[in-house]
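Everything on this sheet refers to the single structure shown next.
Just so you know, all these numbers are worked out from the coordinates, no wet-lab data involved. Quick caveat: nothing in here was measured; it's all calculated off a predicted structure. Please note: Cβ atoms are built from the backbone with ideal geometry, for glycine as well, and neighbour counts cover all protein chains shown.
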């Protein structure tokens, strides 16, 4: 396998924070619009599910055709996607293929927990714009969370004997403890809060008091209470499934 | 026709600045990738055009099906889109139907003038991500620029006799002069520069000198040299085509 550079991973994870924050802010300009999350509340012939799911499925069908999901850092939400119409590219294999995909959980949590938290309640009729924004957030969250596979592999490569021992015991709690660095996490939360406060700031023309499109602590809480814990769950699952082999780097 | 509230228009235009700036910043994380703008450089069976155009076309096909282009503030880039699969909604008619659509010009200007300006030169292989980001920027620019129709209609409604006289002379230069408010424009450029500087700021952990994802003056220049002039061109064209009737409000 190609070796993983922790600095590259770190840089990508930090840049993904902007993508997630921008996407959440873009979604939050529209109201909750619960209709788009209720199965078949908007009837679409030949489709069974909610409107956001429909737009996600159609988008993934395009992206599958341009080979998005042949990349190991991309995970589709939907099944039965069409094959790529472009020839395959030769990606360096950097992680073990484990089939981990927690997008079912991500979709549920996003639609029914995050959306009511960040959007104003009610219905403004902007169903298409809201669902299009949903697709962008969902794809960004999925990429961020499944990046845990790369993080876990790089940690294994840094301390193969430590992790091999933990993996062989199969103790998920111990593995989670080994992966956890409180100080690094706290730095991340601080950075996310600063980004949320900067990028989510309303910029008027006068000296009005500062207003935010989404309260910064809501975005920090989202990282603290959900994104980071589920990412670490992906890391643990990945290590348990990858096995203890020191893969050739 | 339903009356236009200038405050609503203004609020929407100001909010669209964020959407455009976020979308440009998202695109600029990838290199120029000129391959995606060269017709058939990426061969796709049954499609004649560049890769970004292909993704735009496929996206518009989905959006047409969920009736995006039945809304008077949305304009497709592509022809021969499928009909909506959802029943029509009753939009209040706020502008006269004029068939103005300058997306050909917007597409060309974006791909061949804006992209080389905001992206680092070269090829990083992120074709799918770049083209997906392109679609978001193109849709945001198109919406902003064609909003000129609403702005022009509201100005007509504010001073119908002034504009009726100008329209009857057919003098585009005079109409442009009447629509132009230097002071308002200068306030807009200042606000855009402040937004670009705030939202485009790199946020590190230490006291490094401030870095930007896109230099703020590039975004201000884009507004000053292109977005505002072409929006005003849409406004002039709209007024010339709408005629001089005081439509019932």
Query raised in the report: How many nanometers, to one decimal and shortest first, lie between the label point of residue B:170 and those of its other copies, if labels sit 7 Å from Cα toward Cβ?
Result: 8.6
Query raised in the report: Which whole number gives the average, over all residues in B:122-130, of C-beta atoms from other chains lying within 10 Å of the residue C-beta?
Result: 2
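To the nearest 500 deg cm²/dmol, what mean residue ellipticity at 222 nm is calculated for chain B from DSSP H runs of n ≥ 4 alone, each contributing -39,500 (n - 2.57), summed and divided by the residues?
Computed ellipticity for chain B at 222 nm equals -17500 deg cm²/dmol.
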Query raised in the report: Which of B:157, B:233, B:225 moves most in a GNM of chain B, Cα contacts under 10 Å?
Result: B:225
Query raised in the report: Taking the label point 7 Å from Cα in the Cβ direction, how far apart in nm is residue A:97 from each other copy of itself, listed shortest first?
Result: 5.3
Query raised in the report: Who wins for biggest fluctuation among A:36, A:100, A:145 in a Gaussian network model of chain A, springs between alpha carbons below 10 Å?
Result: A:100
**Report entry** Residue with peak Gaussian network fluctuation, chain A [Cα springs, cutoff 10 Å], from A:30, A:212, A:156
**Finding:** A:212
Query raised in the report: What are the distances, in nm and sorted shortest first, from the label point of residue B:3 to the label points of the same position in each other copy, with each label point placed 7 Å from Cα along the Cα-to-Cβ direction?
Result: 7.1
Query raised in the report: If you find the alpha carbon centre of region B:137-154 and of region A:1-54, how far apart are they in angstrom?
Result: 26
**Report entry** Per-residue mean of C-beta atoms belonging to partner chains within 10 Å, peptide A:17-30
**Finding:** 3
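For region A:6-242, what does the alpha-carbon gyration tensor say about shape, rounded, prolate or oblate, given a ≥ b ≥ c as the root eigenvalues, a/c under 1.5 as rounded, and a/b over b/c as prolate?
Oblate shape, in that a/c is at least 1.5 and b/c is the bigger or equal ratio.
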Report task. Just subtract the alpha-carbon distance of residue B:177 and residue B:16 from 0.36 nm times their residue separation and send over the number in nm, one decimal. Result -> 55.5 nm
Query raised in the report: Gain in length, residue B:185 to residue B:218, computed as 0.36 nm per residue apart minus the alpha-carbon separation, to one decimal in nm?
Result: 10.2 nm
**Report entry** Highest average packing first - A:123-129, B:79-85, B:137-143, Cβ atoms within 10 Å
**Finding:** B:137-143, A:123-129, B:79-85
Requested in this report: Please give the peptides A:114-122, B:188-196 ranked by average Cβ packing (other Cβ atoms within 10 Å per residue), highest first, as a rough proxy for protection.
Outcome: B:188-196, A:114-122
Report summary line: Here the whole-number average of other chain Cβ atoms within 10 Å per Cβ of B:197-204 is 5
Query raised in the report: So how do B:218, B:149 line up by other beta-carbon neighbours within 10 Å, fewest first?
Result: B:218, B:149
